[in-house]
Amino acid sequence: MSSEIKPQSIVIAGGGSTYTPGIVMMLLDNLDRFPIRKLTFYDNFAERQETVAKACDICIKENAPEIDFSWTTDPKTAFTDCDFVMCHIRVGLFAMREQDEKIPLKYGVIGQETCGPGGIAYGMRSIGPVIEILDYMEKYSPNAWMLNYSNPAAICAEACRRLRPDSKIINICDMPIDLGDRMADICGLESRKQLDIGYYGLNHFGWWHSIKDLDGNDLMPKIREHMAKFGFSQADKPKDDESWNDTYRKAADTFAVDPSKIPNTYLQYYLYPDDMVVHMDPNYTRANYCVDHREKDVFEACQKIIDSGTSKDCGFEADEHAQYIVDLSMAMAGDAKEKMLLIVPNDGALENFEPESMVEVPCIVGKDGYEIVPQGKISEFQKGLMEQQVAVEKLVVDAWINHSYQEMWQALTLSRTVPSAKVAKQILDDLIEANKDYWPELK
Ligand code: NAD
Ligand code: G6P
Ligand code: MN
């Protein structure tokens, strides 16, 4: 049973993120169930954060003036007296994401935010700042929890497992949430919360192995039938964003390799890197698209609110991305014992997989954090892929800790997306040059 929730103090780290307004709207929509006394934005880029914060300030004053809202770049001010830190930073901003995507593409290798060399490069940038924020939280609010969705979540999670094993941090991802809602819809159900799921994998590298409704009826046959024909795409639910429509469709090919399970869409980059490269424009990547669309739209909407002095008809909405973040904090604060997919230490979750690793599995969430729902043994195909990928993630963390060129080269060479050690080295040398303001100096 969930208990009455006392008013919470929340910090959004990465206050200047394009996702911040959506989270604020979701928090405002849920105040009756998840009361908030204090909301603070923290960022290391004052001007960027200020635009988002001034717009949110107007919105909060119009909807919930009782909330003590402020924004700051000072860690002590930000992290003192907080219950939850919702962390979504992008170290190096979209300019560095563009490098992560364009450098591998020069060598015919996929350029992606979290997968392959791009994700590895981003990981090397994110580890230090994510741990820094965790340390601030623990220094100023030792009882607080950090909910991290800064990417690449798999590498951030592995770094925290290694470097801060006792810290109160949970890493999460919205991809299975979106796909869960799609599968529920395919089965004629309203939401993923009506699915009882079995899932295992690494972040952006996992599979549903069982899906039932809450009465225990097997939904896999129905979902399989849809996946084989359409992947996750649904004729009546196209997105405005064509690259997501392509991704949903491509899931049919990923599914075909092992139709006993339902794959996470991110597996397309590992199973079909050749197809993916052909579809990527080396001169205009996803980072360019996000700057021209999401970033532009959000900052224009913020400016409009600031100029007009009101958030009425502003277009901000509590989107599905924000939902899981607020759901997670609500389940923890209210001790709801809700089942959610989290990125956690293996610790018995997967019997025949590396115990010293971070995996994405269902957990029961309550006031003391989470309890893993064991998923038993994983199959040979998944095991082989996951062992290779988890080694990549571990080697990146090793390379960051040891400042090791050799380990970075090994990480890139081991990624399924990279064809040879020679290409891995060429990409690495370019990435080092591009990331000199962010990575430790490799020896
Ligand atoms: P964004 O660039 O709009 O926002 C990121 C913010 O982080 C910026 O305001 C930036 O100044 C700030 N920042 C960067 N380094 C910082 C540091 N060291 N300390 C404090 N603030 C810092 O990016 P976005 O597109 O809104 O995405 C934000 C993050 O959320 C990214 O990491 C993205 O990959 C991640 N994300 C994760 C999931 C998931 O499934 N886990 C889903 C969506 C987005
Ligand atoms: C999904 C993933 C996130 C990722 C995002 C990229 O939501 O779960 O981890 O950051 O997609 O979206 P974008 O629009 O920035 O390419
Ligand atoms: Mn994700």
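The values are calculated or read from the model by the stated rules, or taken from the named source; none is laboratory data. On a predicted model such as this, the values are computed, not experimentally measured, just so you know. A quick note on method: Cβ atoms are made from the backbone with ideal geometry, for glycine too, and the neighbour counts reach across all protein chains shown. Protein only, heavy atoms only, side chains kept; ligands, DNA and RNA dropped before computing areas. Shrake-Rupley method; radii C 1.70, N 1.55, O 1.52, S 1.80 Å.
Structure data summary
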{"item": "Single match in 197, 211 (criterion: touching a helix residue (DSSP H, G or I) at 6+ places or on another chain (Cβ under 6 Å) and part of a strand (DSSP E or B))", "result": "211"}
{"item": "Residue within region 227-245 that is open to solvent by less than 30 Å² (accessible area, probe 1.4 Å), part of a helix (DSSP H, G or I) and either out of contact with any strand residue (DSSP E or B) (no Cβ under 8 Å at 6 or more places or on another chain) or within 16 Å of ligand 2 (Cβ to nearest atom) (or both) present", "result": "yes"}
{"item": "Test: residue in region 71-86 that is modelled with pLDDT under 95 and open to solvent by 20 Å² or more (accessible area, probe 1.4 Å)", "result": "no"}
{"item": "Close pairs (6 angstrom Cβ cut-off, 6 or more residues apart or separate chains): free of Cβ contacts under 8 Å to residues at least 40 places away in the same chain and open to solvent by 20 Å² or more (accessible area, probe 1.4 Å) in region 112-141, among the charged types (D, E, K, R) and assigned to a helix (DSSP H, G or I) anywhere", "result": "none"}
{"item": "Leading residue by the ranking (surrounded by the most Cβ atoms within 10 Å (Cβ to Cβ)) among those in region 27-42 that are assigned to a loop (DSSP other than H, G, I, E, B) and free of Cβ contacts under 8 Å to residues at least 40 places away in the same chain", "result": "35"}
{"item": "Residue pairs meeting the criteria (Cβ under 8 Å; at least 6 apart or on separate chains; first open to solvent by less than 10 Å² (accessible area, probe 1.4 Å), in region 43-69; second at pLDDT below 95 and hydroxyl-bearing (Ser, Thr, Tyr))", "result": "55/311; 59/311"}
{"item": "Total residues in region 16-56, condition among the aromatic types (Phe, Trp, Tyr) and farther than 13 Å from residue 322 by Cβ", "result": "3"}
{"item": "Residues of region 178-218 satisfying the condition of being of a type outside the set (D, E, K, R), open to solvent by 30 Å² or more (accessible area, probe 1.4 Å) and either within 16 Å of ligand 2 (Cβ to nearest atom) or under 28 Å from residue 354 (Cβ atoms) (or both)", "result": "197, 209, 210"}
{"item": "Selection from region 127-156 of residues that are assigned to a helix (DSSP H, G or I) and either among the aliphatic types (A, V, I, L, M) or at positive phi (or both)", "result": "127, 130, 131, 133, 134, 137, 153, 154, 155"}
